[in-house]
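The values are calculated or read from the model by the stated rules, or taken from the named source; none is laboratory data. Small disclaimer: the values here were computed from a predicted structure and weren't measured. Here the Cβ positions follow ideal geometry from the backbone for every residue, glycine too, while neighbour counts run over all protein chains shown.
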Amino acid sequence: MDNTDPVLTIDVISPHTNESVGKLPDMKVDEVGGLIDKAHTAFLKWKETTISDRAEIVMKAIDSLEHSSEEIAHLLEQEIAKDIEAGKKEIERSVEYTKFTVSATKDLNGEVFFGDSSKGLKKGQKTGYSSRVPLGVILAITPFNYPVNLAITKIVPALMMGNSLVLKPPVQGGLASTKLFECFIKSGVPEGVLTLVTGRSSGIGDYLVTHPKISMIAFTGSTVTGHHIAEVSKGKVPLLMEMGGKDSSIVLSDADIELALDEIVKGAFTFCGQRCTATKRVFVESEIAQEFIERIVEKSKTFKVGPLISSVQKDLILAMIEDAKANGAREVLGGQAQGNIVLPTILTGVNENAKLFYEEQFGPVLPITIIQNVDQAVNWINTSRYGLQSSVFTRDIDKAFSIAEKIDTGTVQINAACGRYPDNFPFVGVRDSGIGLPQGTKDTLLAMSRQKLTVINKKV
Ligand code: NAP
């Protein structure tokens, strides 16, 4: 008789069928604690390796990821309903980001400080030099929508700076994350330098973020979860938190309408609007509002969308549409669901009372509000709890810069929809869109290390 304990698992539910497409180990706190201890032991050795040794292993892992692109794209299609081409693009971006980051690590240098600027110190008496040293074990928590790319943007800088990393992937996205993890392990990342923990957030979440051997938390996900993690971790470790967004586009009457339409339709409906930088609100000047609305409805009718991540998410989106309508909005396109698919939906006359006006909708729904002047829109953007990105469409470049200066979001796009690409650009969310350290290639390397100063005291 087999007397081993049965391995507990969590089902990964397909957005297409609401049925299981795979299983992940349902780890409990004891097991997770043991893995964090091992990650800490591994860190003590890994931090002694050279940057060129780390680069060699990381580049090997990324080769392996590139070779697994087809397979991972199929997993993403099954577990989060991302279309195959978009899945491959996510991997391509991850490879590119890794190359930027490995190269930026090699370029990272310290500084030299000379003491003789201070009164009383002689020339050469005190000379300091700074270097970057790792923090320890970094905990990475990633969301369902880009489980590969948003893991890579944490794993690669962490490992390159000499940290070890514990990855807690989302349940949906956990199969692709497991494959990604395997690419690193088979490329020679020593045991414990990269660790995968899977389990129910309700069971292991608070344990992970308060574990004394965790030296930093790098999180991407919703604002609700981000705030919860910030609260329970009590400021004991540095946080790098990328959270929700309500990215708005302002379309001025002198805009290139064709360009604005193309960008906003893609921005709002790509991957069913399940992107932190999806266009989630449009402010259009009254002079062109009628033409803009008629044409965006026409253009959006044929935009192909897949199912939302879950039936729960579909119900939330439908409820937001109903709430907007109850608050006076007019549905000019969509509004219907087929299974977990919500068709591209556009509402006009969405006012400040509607949740759709101020809350993040993670679905293919675009609220449009007509404005009489641009300051009104800037004010709404600046008083939103979210501050990830925004965009302005106008042919008047002077006006574009003046508006960009007034807008208070991490990024302002001029004549393009909001979006994160390319990945070597810094990426910052203000207010409820981010907490703590900034993100980017060099910024993340700095965030995942600290400065160490050595002072040479010479007898003079
Ligand atoms: P989520 O529900 O907040 O989950 C994110 C991650 O946190 C998942 O791995 C989840 O695991 C985990 N988690 C949940 N509760 C936790 C807890 N108490 N302790 C520790 N971990 C916990 O977000 P999501 O639905 O996956 O992703 C969508 C959100 O992410 C949107 O708000 C979007 O704007 C945001 N996002 C932001 C960016 C950015 O760069 N700013 C990029 C992408 C997405 P489980 O799967 O086990 O629940």
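Odds and ends about this structure:
- Qualifying residue in segment 134-149 (condition: within 16 Å of the ligand (Cβ to nearest atom) and either without any contact (Cβ under 8 Å) to a residue 24 or more places away in the chain or in a helix (DSSP H, G or I) (or both)): yes
- Leu75 being in contact with a helix residue (DSSP H, G or I) (Cβ under 9 Å, 6 or more places away or on another chain) and touching a residue at least 40 places away in the same chain (Cβ under 8 Å): yes
- Criterion: in contact (Cβ under 8 Å) with a residue 40 or more places away in the chain, under 24 Å from Lys23 (Cβ atoms) and not β-branched (Val, Ile, Thr) - qualifying residue of Glu96, Glu90: Glu90
- Residue check, Ile217 away from the ligand (no atom under 11 Å from the Cβ) and surrounded by 15 or more Cβ atoms within 10 Å (Cβ to Cβ): no
- Close Cβ contacts (under 9 Å, 6 or more residues apart or on different chains) running from residues in segment 203-215 that are assigned by TED's automatic domain parsing to the domain that holds Gly162 and among the β-branched types (Val, Ile, Thr) to residues that are within 10 Å of the ligand (Cβ to nearest atom) and in a loop (DSSP other than H, G, I, E, B) comprise Ile204/Thr198.
- Options Thr17, Thr49; residue that is part of a loop (DSSP other than H, G, I, E, B), touching a residue at least 40 places away in the same chain (Cβ under 8 Å) and hydroxyl-bearing (Ser, Thr, Tyr): Thr49
- Test: Ile403 is exposed (fewer than 14 other Cβ atoms within 10 Å of the Cβ) and more than 20 Å from Cys276 (Cα to Cα): no
- Answer residue from segment 433-460, given it is part of a strand (DSSP E or B) and modelled with pLDDT under 95 and is farthest from the ligand (Cβ to nearest atom) among those: Gly436
- Picking from residues in segment 224-242 that are of a type in the set (Val, Ile, Thr) and surrounded by fewer than 21 Cβ atoms within 10 Å (Cβ to Cβ), the one that is nearest to Ile10 (Cα to Cα) is Thr225.
- Subset of segment 195-245 [of a type in the set (S, T, N, Q) and within 18 Å of Asn145 (Cα to Cα)]: Thr198, Ser201, Thr220, Ser222, Thr223, Thr225
- Restricting Arg385, Arg420, Arg395 to residues that are of a type in the set (D, E, K, R) and modelled with pLDDT under 95 narrows the list to Arg420.
- Looking only at segment 188-213, and only at residues there that are near the ligand (Cβ under 9 Å from one of its atoms) and assigned to a loop (DSSP other than H, G, I, E, B), the one that is modelled with the highest pLDDT: Thr198
- When we screen Ser390, Ser384 for residues that are assigned to a strand (DSSP E or B) and not hydrophobic (A, V, I, L, M, F, W, C), the only hit is Ser390.
- Taking the listed residues Val392, Val430, the one that is in contact (Cβ under 8 Å) with a residue 40 or more places away in the chain and within 16 Å of the ligand (Cβ to nearest atom) is Val430, with no other qualifying.
- Search result, residues across segment 338-371 that are within 19 Å of Ser311 (Cβ to Cβ) and at pLDDT below 95: none
- Residues that are buried (at least 18 other Cβ atoms within 10 Å of the Cβ) and among the charged types (D, E, K, R) within segment 39-67 comprise just one, Arg54.
- Meets criteria (buried (at least 17 other Cβ atoms within 10 Å of the Cβ) and at positive phi) for Gly306: no
- Flag for Ser286 being in the same structural domain as Asn379 (by TED's automatic domain parsing) and either within 17 Å of Gln361 (Cα to Cα) or aromatic (Phe, Trp, Tyr) (or both): no
- The residues on offer are Ile397, Ile414, and the sole one that is surrounded by fewer than 13 Cβ atoms within 10 Å (Cβ to Cβ), without any contact (Cβ under 8 Å) to a residue 24 or more places away in the chain, among the aliphatic types (A, V, I, L, M) and under 21 Å from Ser249 (Cβ atoms) is Ile397.
- Some residue of segment 244-263 being under 30 Å from Glu19 (Cα atoms) and within 9 Å of the ligand (Cβ to nearest atom): yes
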